[in-house]
Amino acid sequence: MGEILESKKLVKHESGKEYVAIIQYMPSSNTHIVTRKGDFKKGFFLKDFALDFIKLFGGSFISSVTEIPVFILIITWLLLFFILILIYQTSNWEFFLIIQFFILVIVIKLKLQFSYIMEYYRNTKCNNCGKEFICREIEKPDFKEISTPVNYWIEATRFWTCKSCGYINIRKNYEGFDTKKGKPMKLSSLAKISCKRCGKTGAYIESKKPDILRSENRGREELVKRSYYRCKFCGFEDIRGVEFVSYIYDDSPGPSFFMNNIAYEDYQA
């Protein structure tokens with residue numbers, strides 16, 4: 001398997017968020033594995049009605065709805081709009097457009113809520129006694145980020161306990177993280193970074209393409225980029241990150257884009 005170098009880092013976001021991470025580095029394959037604690041599952045709008053929806057429509061139907069691509073919904077919406085215009089032969093097409101737009105928004109949001117319902121159903125069903133909507137998370141999940149020279153992905157391990165039989169359900173999945181490898185930094189920008197150990201500038205090279213993690217929630221888009229550097233002179237391996245936050249639908253005055261640095265500091269318990 002080769003040599004494995006392990007270190008503990010305090011990951012500090014300039015925005016105030018911080019957490020402790022274990023970083024394992026395998027020089028032979030230039031692979032980093034970053035392990036950290038995540039957050040408990042958040043609630044969603046229809047969470048209290050999830051059981052009712054499962055009973056009413058059935059898990060198979062709800063699961064089928066979640067598999068419909070959004071572009072299919074948009075195409076169906078356009079066809080329905082033009083059919084209504086042809087049927088009613090009206091020049092007041094703006095009225096139909098507004099009504100159809102609201103219907104499309106509701107359908108897309110309902111599709112998203114259905115995906116949350118199915119995820120909640122699978123998570124809270126006990127693997128031991130088979131009861132549904134009976135499990136709850138008992139500790140914060142483990143997130144494992146794997147970064148190779150060509151790939152980047154995240155695995156989540158969550159711990160659920162059954163309130164009926166006490167069985168611990170351990171569930172591992174990828175949770176739909178939007179991850180990819182980014183583009184290398186321009187040499188002119190890279191030359192400006194000084195080595196943390198020897199202090200020389202123009203010393204760093206990127207040991208591999210950066211990792212990109214993207215998420216979006218209620219009009220807020222967050223993109224986290226983590227870069228890996230190696231000093232040409234002293235051989236120091238450095239990790240640095242930056243967080244880009246933008247408010248996509250924000251028309252209010254003031255900045256709608258923020259950039260925060262992320263530091264990886266040696267952690268002393």
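The values are calculated or read from the model by the stated rules, or taken from the named source; none is laboratory data. This structure is a prediction, so every number in the text was calculated from the model and none was measured. Because the Cβ atoms are built from the backbone with ideal geometry, glycine has one as well, and the counts that use them run over all protein chains shown. In case anyone asks, the SASA skips ligands and DNA or RNA and just uses the protein heavy atoms, side chains included. Shrake-Rupley method; radii C 1.70, N 1.55, O 1.52, S 1.80 Å.
Brief remarks follow.
- Hits in segment 172-195 - residues which are open to solvent by less than 100 Å² (accessible area, probe 1.4 Å), outside any strand (DSSP E or B) and within 30 Å of residue 125 (Cα to Cα): 175, 176, 177
- Checking each residue in segment 33-69 for being over 30 Å from residue 5 (Cβ atoms) and of a type in the set (Val, Ile, Thr) picks out 54, 62, 65, 66, 68.
- Check on residue 164, of a type in the set (Ser, Thr, Tyr), free of Cβ contacts under 8 Å to residues at least 60 places away in the same chain and over 22 Å from residue 35 (Cβ atoms): yes
- Of all the residues in segment 207-238, those that are more than 30 Å from residue 112 (Cβ to Cβ) and out of contact with any Gly (no Cβ under 8 Å at 6 or more places or on another chain) number 13.
- Tally of residues being more than 21 Å from the chain's Cα centre (by Cα) and open to solvent by 50 Å² or more (accessible area, probe 1.4 Å) across segment 16-30: 4
- The one condition from (1) surrounded by 19 or more Cβ atoms within 10 Å (Cβ to Cβ); (2) closer than 23 Å to residue 151 by Cα; (3) not aromatic (Phe, Trp, Tyr) that residue 240 does not meet is (1).
- Flag for residue 226 being touching a helix residue (DSSP H, G or I) at 6+ places or on another chain (Cβ under 8 Å), open to solvent by less than 80 Å² (accessible area, probe 1.4 Å), assigned to a strand (DSSP E or B) and in contact (Cβ under 8 Å) with a residue 12 or more places away in the chain: no
- Residue match in segment 154-171 (condition: farther than 20 Å from residue 213 by Cα, in a strand (DSSP E or B) and of a type in the set (Ser, Thr, Tyr)): yes
- Positions within segment 123-135 being surrounded by 14 or more Cβ atoms within 10 Å (Cβ to Cβ) and free of Cβ contacts under 8 Å to residues at least 40 places away in the same chain, in sequence order: 124, 125, 131, 134, 135
- Pairs are defined by a Cβ separation below 8 Å, a sequence spacing of at least 6 or placement on different chains, a first member in segment 52-70 that is at negative phi, and a second member that is in a loop (DSSP other than H, G, I, E, B); the pairs so defined are 53/46; 54/132.
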